Each structure stands twice: as structure tokens, then as C-alpha cells.
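Have a look at the structure below before the remarks.
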Amino acid sequence: MLEGVKLMPPTGYPGWIAVVGPAAFPVVVGREGGLDQTVVAAADFGAGRVVLFGHNGYVSPGSWDGGDGWRLLENCIRWATRNERGKPRIGVWNNQGMADALNKRGMVGESIGDFARLEKGLKLDALFFSPWAFTGVQLESLTKYVKGGGAILCGETGWGWSQFNGAMTGNGGNWLF
């Protein structure tokens, strides 16, 4: 995922990601206060794959403009979808700007906001979103989607969610990942 990537684009203050489980691994690690902390992680999950970025700003197109941002995102999409050369179809949750940016870069981006379309078998190679607003039932559907071979790319700022919502136990990203 880091091929051709020397500099990750800065976006806000990414949260640290706890990487646990035998199929999970850090992709990008930053150093703060003498400690290495994961800010991008990935995992195989069932027949599918997930990539988590430590800030919800990474679901915005402008956040990828710095450094080797677009290369990093494309590499992550290609790894997650197992699509090395084709045009992966990426569903972006309620984000036409990100869908348009993906289209300009040779992928097929589509802004979606109707969860029923996903549950009825909308054919996508990956979903790209921030999990803040999903219900428990929707998160269960997303879990089935990944286990069945789908891919999820997600931006989440754990400390930001906690700041506005309290205990992390209610965080959809924690539940999903």
C-alpha cells in the first residue's frame, strides 16, 4: 500500500488506531512523544478487507491533495478491492465531491445515501465512509458485506467522536472494526 508513497497528506490531528488481531496490521505509523502510533491500519476480515484512516477528514477529496495522498488512497483502494488494474467501483456515503474526485482518477465513484440500496445488492467493490451515523443494524449489514468479500475504507477520529459523544463504547467505528 505504500508503494510510491513517501509523504502522507496532513489532515487535522489523526487519532491513534489500536491494531489488534492476527489479520490486522499498521500501514502508516507516526511518532509522538517518543511513541510510534498507527494512523492508518488494515485487515483481512472474512473474505473481505478493511482500511481505516485515523481521521474522518480523509473522506474528503481535498485531504488527499498533499504529499503522496492520492497515490496512498489509490494503493489502499486497490489492496482492499484486490483490483490491481481495472476501475474499482467505490460507493462513498453521502459525498458527491469525493465520488467526483475518484472518477477523475480513473475509478468509478458513486455517492450513495440510501442504505436500502446496499442491502438489496448494489454491486460495489468498496464502500468509503465515516461510521459516525450508522445504526447497529446497518453496522451489522456492513460486517456481512465485508465478510462476504466486500471492502471498506473508513475515516474515523476516535478522540473527536469521544469529545462530542462521550464514551467510546457507542462509537460505530469501534463496533464495526
Expected max-MSF residue from Tyr58, Tyr145, Tyr13 in the GNM of the chain (alpha carbon, under 10 Å) is Tyr13
Would you mind giving the average projected area, over all directions, of the Cα convex hull of the range 1-48 in nm² with one decimal? 4.5
The range 55-165, relative contact order [Cα under 8 Å, separation at least 6], %: 30
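Ignoring ligands, DNA and RNA, please state the percent of accessible area on the range 18-58 from carbon and sulfur, probe 1.4 Å.
59
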On each of the three principal axes of the Cα atoms of the range 14-96, give max minus min coordinate, whole Å, ordered largest first. 40, 32, 24
When all C-alpha to C-alpha distances in the chain are sorted into bins of 5 Å, what percent of pairs does each bin hold, rounded to whole numbers? 1, 8, 17, 23, 23, 16, 8, 2, 0, 0
Stick to the Cα atoms of the range 97-177, pair each with every other, and give me the Kirkwood hydrodynamic radius in Å at one decimal. 13.8
Accessible-area composition of the range 106-153, carbon plus sulfur, in percent [1.4 Å probe]: 53
If N is the number of residues in the range 23-69, what value comes out of its Cα radius of gyration divided by 2.2 N^0.38 Å? 1.32
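In square angstrom, what is the accessible area per residue of the range 1-138 with a 1.4 angstrom probe?
Solvent-accessible surface per residue comes out at 50 Å².
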Taking Lys104 as the anchor, which lysines have their alpha carbon closer than 26 Å to its alpha carbon, excluding any fewer than eight residues away along the same chain? Lys6, Lys87, Lys123
Add -39500 (n - 2.57) for each DSSP H run of 4 or more in the chain, then divide by its residues: what number comes out at 222 nm, to the nearest 500 deg cm²/dmol? -8000 deg cm²/dmol
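The values are calculated or read from the model by the stated rules, or taken from the named source; none is laboratory data. None of the values given here were measured: they were computed from a predicted structure. Side chains are part of the model used for accessible areas, which takes the heavy atoms of the whole protein and leaves out ligands, DNA and RNA. Shrake-Rupley method; radii C 1.70, N 1.55, O 1.52, S 1.80 Å.
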